[in-house]
Structures are given as structure tokens and as C-alpha cells.
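What follows is a set of notes on a single structure, which appears directly below.
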Amino acid sequence: MRKALGVLALMAVALAAGCGTKIGPGFDDKEVNLGLFVSTSGEIATFGEDTKKGVELAIEEINAAGGIKGKKIKLTHYDTASKPEEGKAAATKLATQDGVFVAMGAVASGISLAAAPEFQKYGIPMISPSSTNPTVTEQGNYIFRICYLDDFQGAACAVFAMNDLKAKKAAILQNQDDAYSTGLADFFEARFKKAGGTVVAKESYKKGTTDFNTQVTNIKAKSPDVVFLPCYYNDAALIAQQCRAQGLNVPLLGGDGWESDKLVPNAKGALEGCYFGNHYAEADENARVKAFVEAYRKKYGNAPSSLAALGYDVVYVVKKAIEDAGEFDRAKVRDALAKLKGFEGVTGKFDIDERRDARKSISMLKIEGEKFKFVRQINPSEVE
Ligand code: PHE
């Protein structure tokens, strides 16, 4: 009786709000509401634009095939404007005002870190497609990711610098105000030293810096064989130009944060022949990857970036978790996510481990003109 009254009360609220037959948090009889919070404006706008394209392609395919357990996906997106505080605001809105069933985001670790406690508080599963800082999923048991982590990424870049670029002396230039940057810098440093290399300089800059000349001068004075730049694409492009202007011509190396179609144009040639790691190889011969690349090209007219591929995968992960859970119950979906094994995505086959993370390989790429040429893949076992 009490339950029946509760349901009636819920229905009354739903009717009063004019939103159809609401039968649970984040879904009704026809739709399930999924949240997305990524930056489609500001300094890292291409991260969100690409992610959203991948997400929308997956939703289109799923809805055309009947949805998730008979419900069509409705997407509620907020632009987090490249700012952690906007990430928190978006999370609060998605959780309270929109009451989304599950949330997908963010890209930048700093934004995921600001948003995660909100979703945790409301018991809404949050899955980041691409935040790599280890502390993101430590925010609570409702927080997941489907990409590799920076301890692995930093180590892989260090091994690549040592073995492939034959570097013995490395310099690092980090953004001291960004968790992604400082984390990746530390992991690179530890692994490079462990491999017998020397970190001859570790320089820092404040968020928003555009003149890196002092740091570049200090780095150049130490004659490194390679400079590691754990930052996002705009900083990488500017730093590269200032390195070249000062005659520091050694290879520059970065992580996934470099990936953007703005990287090469913004660097004005300064990144030619440099290297970075990403999450996915477009040239993958796998049939699933080929079909995705083709569908993406057809819809958007260009090849998908790893951000698009991870955005595409995250929607299918949500679908799989809801199907495994058997019902639209957030706690059960959380449990299903925690148990996800052998998921076959376009970014590889992976499990979700006991820390709610994925263990995947990294693809090292070389910048050649406008193209990112695949060099080789590094697996976790190679650097552990
Ligand atoms: N890994 C980056 C972070 O955690 C985000 C990113 C992922 C950027 C993939 C580009 C490509 O902040």
C-alpha cells in the first residue's frame, strides 16, 4: 500500500512537471536519459566536440536498432567550457535537475575530479571515456573509466623515449595547476629513472601561461635528448614553437592530451617529427573498428580521433551494463559495470578491474605533416 501510494505520488509529480509517465529516476516508459558533460568550448574544445560526435553516432545506431531494453536513449549534454568548476556545476544539474540515469564524462581529468563527488553523492554511475589520472576513480564506487591510466601512459612514454628514441637524458615541462599534467610528469620521471635514464630538468608553469621562454632556456641549458610535455594540445603547440625559436631541436614527446586536429596547425611546423601516445589505432584491421571508421566518416566526413572512439565505446558500455543488470536500477547497473569483462570496443577489448579502471595498450604516433603516423603499440606488460 505504501509502495502504491509512493508510485502514485511520483506519477503525480511527473504529471505536474508535464514530463510524461515517469516510472523511475532517469527513465520513463519510452526513454532512458543519459548525461554527457564534456568541454565543447574553451581551451580544450576539440576534446568535447570529438567525444560528443562519437557518443551521438553510437546513440543513433542503438536507437535505430530499438534502444536499450526497448527504451530509446535521450542525451542531455552540458558544455563544461574547459573549466573544472563548470564540471561540478554540470554534474549538479545532471544529477538534480535532469536526474540522468547514468553520466558520461569528462575528458580532462581535472574536470572529472571536480564532477565525480557529485555523482557519487547522488548514487549515479559516472563513466569517464578518457580521464587518465589515477585518482579519478578513487572518488567513489560509482566512478568508472574505460581508458588506460597515467601511471601506465607515463611509463610507456618513458620506455619509448629510452628504447625507441634512444634518449638517456630527459627534460620535463609540466602545468603545475593541472592534475593530469603533474601526475603524468611524475609517472614518466619515475619510470625513466628506473630504466637508467636521468631527468636533467623538471620545469613547471602556471595555468594560462603563454610565454614559456624562461623554462625553455633552463631546459636547453641542460642539453636533454628529449623533452616530455605532459599537457594539452594548445600548450604543446606553443611550447614547441618556443623550443624551436630558441634552437632546442630535440624530439618533443607527449601523451594523449596532444590529440587534436588543432595541434599541427597551431604548432606551425614546430612539432614535425615529434611523438605522442593515444588510445586507438584507426588503421586497426579488426572488422568492428573498420565498420566504426566507415560509419563515422559517412556521418562526419573525417576520420575519428581516439576521443571519438572512446565516446562511441562509452555508450555501448552503458548499454551492456544496463542489459547485464537486467533492469533500470542504478545500483544494479553500477554492480554490472564493476563486473564487466571482455568488453569488445573499437578502442580494444578490456575488462573493468577492481579499481573500476580499464587496462589497455597505448599507440605511439609520429607527427608527419598533418598526419599522425602509427609507430607501434605498447602493452601494459612491457612497462610493468
Ligand atoms: N587523458 C586526458 C586527461 O585525463 C584527456 C584526454 C584523453 C585528452 C584522450 C585527449 C585524448 O586529462
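Simple spin-label estimate for Q97 and K222 gives 4.6 nm between the two label positions (7 Å along the Cα-to-Cβ direction from each Cα). Pull out a ≥ b ≥ c, the square roots of the eigenvalues of the alpha-carbon gyration tensor of region 274-384, then state rounded if a/c is under 1.5, prolate if not and a/b is larger than b/c, and oblate in the remaining case. Oblate. Measuring between alpha carbons in the structure, the pairs from K206/K360; K52/K93; K30/K320; K121/K332; K74/K319; K299/K349 lying more than 21 angstrom apart are K206/K360; K299/K349. Counting Cα-Cα pairs of region 98-249 in 5 Å increments starting at 0 gives whole-percent bin shares of 2, 10, 18, 18, 17, 13, 9, 7, 4, 2, 1. Computing Rg and the Kirkwood Rh from the Cα coordinates of region 51-135 gives a ratio, Rg/Rh, of 0.98.
Extending 7 Å from the Cα toward the beta-carbon at both K373 and D351 defines two label points whose distance is 3.7 nm.
Relative to the current alpha-carbon distance between T209 and E323, full extension at 0.36 nm per residue lengthens the span by 36.4 nm.
Taken as entire DSSP H runs, the helices of the chain that both span 27 Å or more between Cα atoms along their own long axis and average 0.5 or more on the Kyte-Doolittle scale are 306-325. Rounded to the nearest 20 debye, the dipole size of region 200-270 about its Cα centre is 240 debye, using +1 on the Cβ of Lys and Arg and -1 on the Cβ of Asp and Glu.
The slack between T135 and K72, meaning 0.36 nm per residue of separation minus the straight C-alpha distance, is 19.4 nm.
For the chain, the relative contact order comes to 16 percent (Cα pairs under 8 Å, sequence separation of at least 6). Selection among N249, T135, I352 by position relative to the dipole of the chain gives I352 as farthest towards the positive end (Cβ unit charges, Cα centre). Suppose R0 equals 35 Å. What FRET efficiency, 1/(1 + (r/R0)^6) with r the Cβ-Cβ distance, do A287 and A331 give to the nearest 0.05? Efficiency for this residue pair is about 0.50. Taken about its Cα centre, region 296-384 carries a charge dipole of about 380 debye when Lys and Arg each add +1 at the Cβ and Asp and Glu each add -1 at the Cβ. Computed over region 108-208, relative contact order equals 26 percent, with contacts defined as Cα pairs under 8 Å that lie 6+ residues apart. Among beta bridges from DSSP that stay inside the chain, the antiparallel ones total about 35%. Using the rule -39500 (n - 2.57) for each DSSP H run of four or more residues, divided by the residues of the chain, the 222 nm mean residue ellipticity is -13000 deg cm²/dmol.
Grouping the Cα pair distances of region 178-289 into 5 Å bins from zero gives a pair-distance distribution of 2, 11, 21, 24, 20, 11, 6, 3, 2, 0 percent in increasing distance order. Each Cα pair under 8 Å and six or more residues apart adds its separation to the average, and for region 49-148 the resulting relative contact order is 20 percent. Over region 295-352, what number does the Rg to Rh ratio reach, with both radii from the alpha-carbon atoms and Rh per Kirkwood? With Rg and the Kirkwood Rh in hand, the quotient comes to 1.07. Value of Rg to Rh for the chain, rounded to two decimals, is 1.01; Kirkwood radius and Rg both from alpha-carbon coordinates.
Return the single residue from T214, T46, T92 with maximal mean-square fluctuation; model: Gaussian network over the chain, springs between Cα atoms under 10 Å. Greatest mean-square fluctuation among the candidates belongs to T214.
Any idea how far the Cα center of region 270-345 sits from the one of region 357-384, in Å? A separation of 16 Å, based on Cα centres. For the charge dipole of region 49-200, defined by +1 on Lys and Arg C-beta atoms and -1 on Asp and Glu C-beta atoms about the Cα centroid, which residue among M126, G66, M162 has the Cα displaced farthest towards the positive pole? Of the candidates, M162 comes out farthest on the positive side.
Any read-out appearing in this document is the output of simple, stated calculations on the displayed coordinates, not a laboratory observation. Note that the structure is a prediction, hence the values are computed from the model and not measured. Backbone-built Cβ (ideal geometry, glycine too); neighbour counts: all protein chains shown.
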